[in-house]
Amino acid sequence: MPLLFISLIGAPLFLAPVWTYQLFHRAEQIEKACIALDNASIRLGQSAREVWNGLRAYNSAAEVSDLAHHAVHTCARNPLTASQCVVLDQAMEKTLLARARHAERIASAVWQNGLARAIAEGRVLHSQVTVLRPTMPSLRSITCTLCGLPLYFERHVVEFDRCKVQQGNQIFENEVHSVGQSLRSGSAWNYRVMEGAGVQ
Amino acid sequence: MLEGSAVARIANSRGALLVEGTIALGVFCTALFANLELVRRAYFEVLLHHGAFLGVRAAVLEAEPRASVRRFWVKALGESHGERFLKSAELDLIPFSRGVLYRAHLEFPTWLNFSVPGGTKHSFEVTRKCRFFLSR
């Protein structure tokens, strides 16, 4: 009888705190994984915003420079005035193309830096954070209809960046959506983090 | 042959044993019930704690907080139990200056009502809050 009493009363009494601790611990681990995932996603979104806003600013600036170039370009194509403008036209074209290449290189560097930052941010709290994102931004050059120079950029393929984390046998996933219309229009680029299907 | 006094002694001791046994069984059952109730409440606290976290996370990510909490509770307790738990709990989303606060609140009925300053206590309340600061 005493043994039965001890086992029936004692077992829940002593096991309950252990069990409760394990439950809280598991909940805390899941919460930590979710926070790591969200932080990584936020970093991804920030870098995407930085890249697309940078390119949008570049496109606007390039448009202004290209307008100035068009006058010189037209002058250089006119046989009567070509001798006065052709050197300047070539110099301007070289500068504009160099600026375009520079903007592309900066965009790639920011993109890759963002990828590294997202992984690092996620791994502060959880070692199993993985980021699924192309290594380079999906860009396409647009040539100017008047001078034929590939000066502008637009987004080629709209892909969602993904962050994943595995906690126990559960996989949590976030999608990072860039929000914006076009690199040529006036809308600002932003981002939105969305819970994936596996998140509980 | 037993004498009358010996018979009475045996009957008395059996009666005493019965009374003691009944009391012991009552204490035993009450203690067991109380233990299991504590375990159940601890489990509910975990549900509230994690529910508040999921609610605030869903709110920050512009999802539906209540649906997120419901999904978790239904998964943890089963369809009917989870729905009942959702009905008995109060869930509030409280916006504040730098983010959102999500509050999950549950009232447990007490077996005995008792007076406290300010009125009679009919229930114990458990509230779990979770905040999400949008620091970046």
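Summary of computed values
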item: Candidate set from segment A:12-48 (those that are farther than 30 Å from A:His177 by Cβ and more than 9 Å from every other protein chain (Cβ to nearest Cβ)); member that is surrounded by the fewest Cβ atoms within 10 Å (Cβ to Cβ); result: A:Val18
item: Any hit, segment A:117-126, residues being assigned to a strand (DSSP E or B) and either within 14 Å of another protein chain (Cβ to nearest Cβ) or buried (at least 19 other Cβ atoms within 10 Å of the Cβ) (or both); result: no
item: Segment B:45-66, subset touching a helix residue (DSSP H, G or I) at 6+ places or on another chain (Cβ under 6 Å) and free of Cβ contacts under 8 Å to residues at least 12 places away in the same chain, residue farthest from the other protein chains (Cβ to nearest Cβ); result: B:Ala58
item: Qualifying residue in segment B:22-31 (condition: more than 10 Å from chain A (Cβ to nearest Cβ), of a type outside the set (A, V, I, L, M), closer than 19 Å to B:Phe132 by Cα and exposed (fewer than 12 other Cβ atoms within 10 Å of the Cβ)); result: no
item: Residue count for segment B:95-121, restricted to those that are within 14 Å of the chain's Cα centre (by Cα) and without any contact (Cβ under 8 Å) to a residue 60 or more places away in the chain; result: 6
item: Checking B:Val46 against (1) at pLDDT below 90; (2) farther than 26 Å from A:Ile42 by Cα, the condition it does not meet; result: (1)
item: Segment A:49-63, subset buried (at least 16 other Cβ atoms within 10 Å of the Cβ) and charged (D, E, K, R), residue farthest from the other protein chains (Cβ to nearest Cβ); result: A:Arg56
item: Single unsatisfied condition, B:Asp92 versus (1) within 11 Å of another protein chain (Cβ to nearest Cβ); (2) of a type in the set (Asp, Glu); (3) surrounded by 12 or more Cβ atoms within 10 Å (Cβ to Cβ); (4) under 28 Å from A:Leu37 (Cα atoms); result: (1)
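The values are calculated or read from the model by the stated rules, or taken from the named source; none is laboratory data. Remember, it's a predicted structure, so these values are computed and weren't measured experimentally. Cβ sites come from the backbone with ideal geometry, for glycine too, and all protein chains shown count toward neighbours.
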